[in-house]
Amino acid sequence: MFKEEQQIFARDGVVILRGLFKEWIDVLEQGVAVNEQHPGQWFRDYTLGQTEGRFWADYCNWQRIEAFDQFIRESPAADIVKNIMNAQAVRMFHEHVLVKGTGSAKVTPWHHDAPYYPVNAKQTLSLWIPLDPISRESSIEFVAGSHLWGKHFKAQGFNGEYYEHEGAKEEMLPDIDAHREDYSILGWELEPGDAIAFDFRTIHGAPGNSSKQHARRAVSFRWLGDDAVYVDRGGKTSPQYPHLIGKLQTGDALPEDEFPFIA
C-alpha cells in the first residue's frame, strides 16, 4: 500500500495525495472556524491592520479543538503517514493552520521546517491539506530532493527576522526565486480532500493567494517517526515549548502525553 508514494517521497521529499480526505473536509473546516473564533497563545496575524487579503496562522491547538483531535485519531491520516514514511510507528507533533484571504499578496518565504523545531527524527512528515480549491499559481511549492542536501538553513520568521541558534551549523538559504531554473520546483493545482506530504527538511514556500473567490485555508498536520527526540536548538524555536526548556536535554525522549503515538 502506497509503495509508489513512498518511493516518490523518499526521492523528492514531497508527494501529492489525491482525494484521500474528502470525507474529512467538513470536520477540518469546523476546526479552523473554532480556531479563528478562539485563537491559541501562538496565534499570528501576518497582515496586521489589513481588512482584506489577511494572512493568519496558529498552531498547537489540536488537544483543545475537538475537530482536529478527531481528525488525528479517527481519520486514515496516521496510517497513511506510517506507510509513506515506512515507519514502525508514528506520533503526533502538532497541527498548523494557515489562512490566506482572497487576494492576499503575502508571500510565505522559502524555508524548510527542521531548523525551526525542537525535535529531531529520521522519519518526519507534514501532511498539508487544503480546504479550498487552489490554483497552481497560488499553490505551495517545493524544491524536489532538497531534503537530501544534508544542510540546515537558518530559520526565518514570516516577518523576515532570522532566528539566532547559538552554535548551530546553519547556512543562509540560496536565492531560489532568482535562480528557479536551477531547481526542480514542484507544485500542484489542488482540491479540498487532496493532501501534500513532505519531509521536514524539504525546502518550500508559497506565493500570495491570487484568487478573488476563495480564501486559501490549509491545515498541516506534522508527524514524527518512532525515533524522535528532543533537541535544544540554542535559541528560539517554532513552535515554542517553554515548559520543556531545562526539563529536557538534547537526545531525551519526547513526553508521550504531549506527543502521543497514534499508529
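Laboratory data are not the source of any read-out in this text; all were calculated from the coordinates shown. Note that the structure is predicted; figures quoted are calculated from it, not measured. Heads up, the Cβs are rebuilt from the backbone with ideal geometry, glycines too, and the neighbour counts pull from every protein chain shown.
List of remarks:
- Enumeration of residues in the range 237-263 that are part of a strand (DSSP E or B) and either within 17 Å of Tyr117 (Cβ to Cβ) or touching a helix residue (DSSP H, G or I) at 6+ places or on another chain (Cβ under 6 Å) (or both): Ile245, Leu248, Ala253
- Sole exception among (1) of a type in the set (Phe, Trp, Tyr); (2) in contact with a helix residue (DSSP H, G or I) (Cβ under 7 Å, 6 or more places away or on another chain); (3) within 27 Å of His152 (Cβ to Cβ) for Trp128, by number: (2)
- Residue in the range 110-120 that is of a type in the set (Asp, Glu) and part of a loop (DSSP other than H, G, I, E, B) present: yes
- Here the range 93-109 is the region considered, the condition is being under 14 Å from Ser211 (Cβ atoms) and of a type outside the set (Val, Ile, Thr), and the residue that is farthest from the chain's Cα centre (by Cα) is Gly103.
- Criterion applied to Leu224, Leu254 was being of a type outside the set (Phe, Trp, Tyr) and either under 28 Å from Gln30 (Cβ atoms) or loosely packed, with under 15 Cβ neighbours inside 10 Å (or both), and the one residue passing it is Leu224.
- Within the range 237-263, residues that are without any contact (Cβ under 8 Å) to a residue 60 or more places away in the chain reach partners that are acidic (Asp, Glu) with beta carbons closer than 7 Å, at six or more positions or on different chains, in the pairs Gln249/Asp232; Thr250/Asp232.
- One residue stands out among those in the range 27-63 that are closer than 25 Å to Phe261 by Cα and acidic (Asp, Glu): the one that is surrounded by the fewest Cβ atoms within 10 Å (Cβ to Cβ), which is Glu29.
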